[in-house]
Amino acid sequence: GMGPRFGHVAVVSGDKMYIYGGYLHDSEKLTTELWSFDFKSSKWTLVGPRRTNFGESYVMDPSDAISFPSVLPPERHSGVGVAFGSHIVVVGGAGGADMGTELGDAYVFDAEKKAWTALILPSDNEAGLQRYDSAGASFGTDKIALFGGHGKGEFHNNLYNYHVDL
């Protein structure tokens, strides 16, 4: 099953909770893993990326896996995740070789199509994406609010709203 981690994104969509990224305790590195927990069956599934449908403690249906070709977000920790129906949006966080590079990008995972795509949002620091340890929420049918966090060596207390075109 899923190993211990921190700094991951957790989002609920429908009857599942999705866990993306974070720092893996056992391997001491960041990950691009996406897991789902089904509240009905109480089972974890590695959605991807995965090399096989068989693991030490699980057998998975190939239809549960990420579809390829698919853009995979760079590994990260401390990003923000929100849901719009079956779409899971991951914004910002920190990554890179030093695990401290602020990421100013956004990606959306379509849980029905099992595919990641890059999401176009303003990406400069003034626009508020290039930060980590911030908080976020979805509101309405197409908006994300991001507040606070760290970026460029500073703590932030600003709020940014973004329109999301899914």
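When the C-alpha to C-alpha distance is required to be over 26 Å, the pairs from 43/143; 43/113; 29/143; 29/152; 114/152 that qualify are 43/143; 29/143; 114/152. Using θ = phi - 60° in the Karplus curve 6.51 cos²θ - 1.76 cosθ + 1.60, the 3J(HN,Hα) couplings for the stretch 150-166 round to 10, x, 6, x, 10, 8, 10, 10, 9, 10, 10, 10, 10, 7, 10, 9, 9 Hz; x is entered for Gly and Pro. Each label point was placed 7 Å from the Cα along the Cα-to-Cβ direction; for residue 165 and residue 141 their separation is 1.7 nm. If R₀ is 35 angstrom, what is the calculated FRET efficiency for the pair residue 152 and residue 72, using the beta carbon separation as r and rounding to 0.05? Computed FRET efficiency for residue 152 and residue 72 comes out at 0.85.
Can you tell me how the stretch 67-111 classifies by the Cα gyration tensor, rounded, prolate or oblate, using a/c under 1.5 as the rounded cut? Cα axes put the stretch 67-111 in the oblate bin. Rolling a 1.4 Å probe over the protein chains gives residue 120 an accessible area of about 150 Å². Across the stretch 97-113, rounded Karplus estimates of 3J(HN,Hα) from the backbone phi angles (6.51 cos²θ - 1.76 cosθ + 1.60, θ = phi - 60°) give 4, 8, 6, x, 6, 5, 9, x, 10, 8, 9, 10, 10, 8, 5, 7, 8 Hz, Gly and Pro being marked x.
The heavy atoms of residue 150 offer some 50 square angstrom of accessible surface to a 1.4 angstrom probe.
The values are calculated or read from the model by the stated rules, or taken from the named source; none is laboratory data. Just so we're clear, the structure is a prediction, and the values are computed from it rather than from any experiment. Here the Cβ is made from the backbone with ideal geometry for all residues, glycine too, and neighbour counts use every protein chain on show. Areas reflect the complete protein model, heavy atoms only, side chains present, ligands, DNA and RNA absent. Shrake-Rupley method; radii C 1.70, N 1.55, O 1.52, S 1.80 Å.
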